[in-house]
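Here's the structure we're looking at; comments come further down.
The values are calculated or read from the model by the stated rules, or taken from the named source; none is laboratory data. Please read these numbers as outputs of a predicted model, since none were measured by experiment. Here the Cβ positions follow ideal geometry from the backbone for every residue, glycine too, while neighbour counts run over all protein chains shown. Accessible surface is based on the protein model in full, side chains and every heavy atom, while ligands, DNA and RNA are left aside. Shrake-Rupley method; radii C 1.70, N 1.55, O 1.52, S 1.80 Å.
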Amino acid sequence: TARRTLYPPITIMERVLLAVFRRNYPLAASSTRYPRFPISLTASFHRPRHFLSSSSKGKGDDESSPPSTVLKSEFVDTNSRAVGQVIFLNSSKSGQAILLSLAIGDPTLSAFAALGAATANSSAKLVGLEANSLENGLCGYNGALIGCAVSAFGPSFFPLAVTSTLVGAAATPLLAASLKNALTMPQWTWSFNAIALTSLLQSRPLIQSTVAVESSVENTTRFADLALSPIVGISQIFVVESYLTGAGIIGAIGMYSPKLALHALGGSIIGSITGILSGADLSNIAMGLWGYNSALASMAVGTFFVNSRETIALSAFGAASSAALFGAMQPVFGMHGVPCLTLPFCTVASMCFLLEGQVPGLVLAKEPHSPEKNT
């Protein structure tokens, strides 16, 4: 008997090709049951395709960069930039260094900062906000601060703290988008302040902790604590009290711009000195509370103005003004049991921004980046 040849099961694609074959070549088709297409021919129609992306460097068929890996990389990059943008750093590496530094001082807060940034970015993407702002971390930095504030001042019940972070952070890009047309200047951290204070004014966390804090730090401030206060002030930007975290954040700034790191540290030093000259409680100065708004104000000037002697003078002036305003605002907010957060920075930074064109030598950068690159 003739040996029977077995063929693989016919597929839908083979049926389509068979119909085309029989229509175009009726004689050949009549001489056999169906054309013997090799398996390799039909398999080529089912081969997955890889699309070009920014991380694939133009290699559309690079098996080492599957779509899931690309999406994961973009997710990490965007959220890391959002953390960095809290202090004007458009850099995923600096953002990751900041998260690592926060973990040294407070691992839980670092996790909440990352959660807040991811939530805010997801909210912005869901409603279709500007893609360029999303990619550069501008939609997520307020959310990162919401996570920090919830970790420091929010409910101790973990599920409730997570829920507060998700709700608050998700609202920040929407508020920022509504402020975009109302403001003729950068939005700073107005959205964070508005949403965080709305919640804190209900819980009033400082009323419960004021007595305990005063009894524990009274007459214990040392000279070494005051000497480290500018570095601790840098960490207080993210509501962490740790000179190690502050040193790590300064290093992250230096990776991005050494001169901007000098603005940050110099601003915090000026803020601490202003507190001492004002007769402020030395324990509050040692905790870095007089430095963080000043550091932010100095960095804002260094980021948005072309580097010059006038810019450096404005940076110092903004630092001193932020500290003085903090000294005036915090007692008022403290009466209601809440911190004034970064309201002094937002107010002074807005004032400095509006001085462009009013003071000779002050020129806003065409594309704000850092003192080294601003032109």
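Some points to look at:
- Summed side-chain charge close to residue 140 - residues other than residue 140 whose Cβ falls under 11 Å, Lys, Arg +1, Asp, Glu -1: +1
- Listed values for segment 135-146 are Karplus-derived 3J(HN,Hα) couplings in whole Hz (6.51 cos²θ - 1.76 cosθ + 1.60, θ = phi - 60°), namely 5, 8, x, 6, 8, x, 5, 5, x, 4, 5, 4, and x replaces Gly and Pro.
- When segment 297-375 is reduced to its Cα atoms, the Kirkwood hydrodynamic radius in Å: 13.1
- Phi angles across segment 183-188 convert, under the Karplus curve 6.51 cos²θ - 1.76 cosθ + 1.60 with θ = phi - 60°, into 3J(HN,Hα) values of 9, 9, 8, x, 7, 6 Hz, Gly and Pro given as x.
- Of the whole protein surface, residue 335 contributes about 150 Å² of accessible area at a 1.4 Å probe radius.
- Rg/Rh for segment 226-342 stands at 0.97; both radii use Cα atoms, and Rh follows the Kirkwood definition.
- By average C-beta atoms within 10 angstrom, highest first, the peptides 235-244, 288-297: 288-297, 235-244
- Across segment 126-172, counting alpha-carbon atoms alone, Rg and Dmax equal 12.1, 36 Å.
- Subset of 93/180; 72/125; 125/366 violating a 23 Å alpha-carbon distance limit: 93/180; 125/366
- List 263, 336, 369, ordered by accessible area with a 1.4 Å probe, largest first: 336, 369, 263
- Residues whose amide H falls under 5 Å from that of residue 305, counting only those 5 or more places apart or on a different chain, are 365, with hydrogens built in the peptide plane.
- Per-residue HN-Hα couplings for segment 348-356 [Karplus 6.51, -1.76, 1.60; θ = phi - 60°; Hz; x = Gly/Pro]: 5, 4, 5, 4, 5, 4, 6, 7, 4
- Cβ-defined net charge surrounding residue 90, 13 Å radius [Lys, Arg +1; Asp, Glu -1]: 0
- Residue 221 long-range amide H proximity, modeled H, under 5 Å: none
- Alpha-carbon centroid distance for the pair segment 276-325 / segment 69-128, whole angstrom: 25
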